[in-house]
Amino acid sequence: MTAMAETVLPSIGRVRLTDLIAVEGLPSESYKVSISTLTQSLAQYSAAIIQLPISDGALLRSSLESARLFFHQRAYSPPEMAHTSDSREWCKTSGYYADPQIWQETYDYRPGFTSADSNGSMELPPAGLSDIFALLGKAARHILDAISFSLNLRSFSFTEILDNVPLRGREMSSSVLSVCCHSRPSFQGAQHHALTASEDGQLVMFPDQEHQVEKSLITLLKSDRAGLHIKDFHGRWLLVDGDLGPQDALVYPGLALYQATAGYVSPAVHRTEIGNMDGSMYGRCSISFKLMPKSMASFNCSEMRAAGHGVEAQFQLPIPVDDFMQRTHPTDQLLTKSIFPSYGFQAEQDAMKPMKRKKNSTRCKPLPPSKRLRLEAQRVLKERVQDIADKKGIKLRFCNLKECEGHLQSRDSPCGSIRMEIGWPPGVPFVHPHDLPNKSKLGFLEAYEPGWTAAQQDIENQSP
């Protein structure tokens, strides 16, 4: 595990897609190293560079060339091309639309949906969209599986919220491929912008609405010139697509993954330059695939609880995907975690922790009783309860605290058989130990580690 020696990546991580593809059996060394690089880069920079196979790089280049020609020959008509911002249409966008305020034109490709132009006739899209949709869609699912591995989730944990592969009859894709063009010289209409000085002293132009967060699970993006800036862990804006090779694409997480992982994967906050085109006749073109959850699914974080992660109160109740997508999510109200937990392999877990300065004092401040209880309960869950469940082939799906208080009084409760199988203490609700009241935490700890309370008292008596 010597490859994990670095605790902080000096720049945005670069990973080969082929190294992220899971295979049967034990994970290979290259797979574990790639997972570590991917998750550490997402934690530090909210983005990572994915290197696609050489043959896929050729398809990306041809698709970008097709996009340039598509927008270059298209006339812009302000009254006809304004795009609706109705949040209820989040999974139905298709075809061409424009946003004059940020000098951006977009063509959305969504399988299962036939788009028409303003006259009602069939609209001809840029070439090769179905091929690039399939290519980036497959890559996005591999990356999502890699993230689930880093969180110690079961394989294909996100399958229930994703579209079928392939789509069934009359189904329409929730995921979308967006072909964008920024600052095309022949595209007029933007009147307001913000100027920011870059590191080399040049003025960089950004739209007034500079804080943007995708609502996708993850987004894969390929651009023909640099211009995307993302905030890193320290709040600094970094240019993230300035070093993309011919077969490189950028990946960054969105709000849906933030919700599905109970805040353990923070969404990328980004903005795009709308100036500095240096006389380009095409502007800046990009292709982005947004892996979206299906509208009929729900976020419930049950897989996170089953893997032993603490789930904060705001993620406890299930929320329908369609409701989540229609809400606004201010970036200053997002609950962010400082690390990706990685319980699959210990060396990577140690490497992913942010560096902390060690104090010279040898005495450590004791933890508050409530926090010590919470940490001990999580430890016992992973070391004792999960081991019992694995040996008996039981998948732990914890209840909601309020609901389970009623289950304890019922003979036919949905969690009764599981509690009996794993020896769950009587009278303690079958919820994640992180969410138990302190009194119930004590009962939980005593059930699986008899004498725990007495041992803690001895430790406190011996401490100076």
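I need the peptides 289-296, 436-443 ranked by packing, meaning the mean over residues of other C-beta atoms within 10 angstrom, with the highest value on top.
The packing order, highest mean first, is 289-296, 436-443.
Can you report the principal axis dimensions of the range 365-434 using only the alpha carbons, biggest first, rounded to whole angstrom?
Largest to smallest, the principal-axis extents are 46, 29, 16 Å.
Which of the pairs K32/K395; K371/K402; K371/K439; K395/K439 have their Cα atoms more than 20 Å apart in this structure?
Distance filter (> 20 Å) returns K32/K395; K371/K402; K395/K439.
So, by mean Cβ neighbours within 10 angstrom, what's the order for 13-23, 401-411, 35-45, 242-252 with the highest one leading?
The peptides rank, most packed first, as 35-45, 242-252, 13-23, 401-411.
Just to check I understand the Karplus step: with θ = phi - 60° and J = 6.51 cos²θ - 1.76 cosθ + 1.60, what whole-Hz values come out for the range 225-238, glycine and proline as x?
7, 5, x, 9, 10, 10, 6, 8, 4, 8, x, 8, 7, 10
Which order do peptides 253-259, 298-304, 91-97 fall in by mean Cβ count within 10 Å, highest first?
Descending packing order for the listed peptides: 253-259, 298-304, 91-97.
Let me spell out the model: positive unit charges on the Cβ of Lys and Arg, negative unit charges on the Cβ of Asp and Glu, origin at the Cα centre of the range 229-335. What dipole size does that give, in debye rounded to 20?
Here the size comes out at about 200 debye.
Test of the criteria: in the range 212-250, which trypsin sites (Lys or Arg not before Pro) are in a DSSP loop and have at most 11 other Cβ atoms within 10 angstrom of their Cβ?
R236
What is the distance in Å between the Cα centroid of the range 9-38 and that of the range 407-443?
Distance between centres, Cα-based: 38 Å.
Every number here is computed from the coordinates shown, using simple stated rules; none is lab data. What you see is a predicted model, and the numbers here were worked out from it, not measured in a lab. We place every Cβ from the backbone using ideal geometry, glycine too, and count neighbours over all the protein chains shown.
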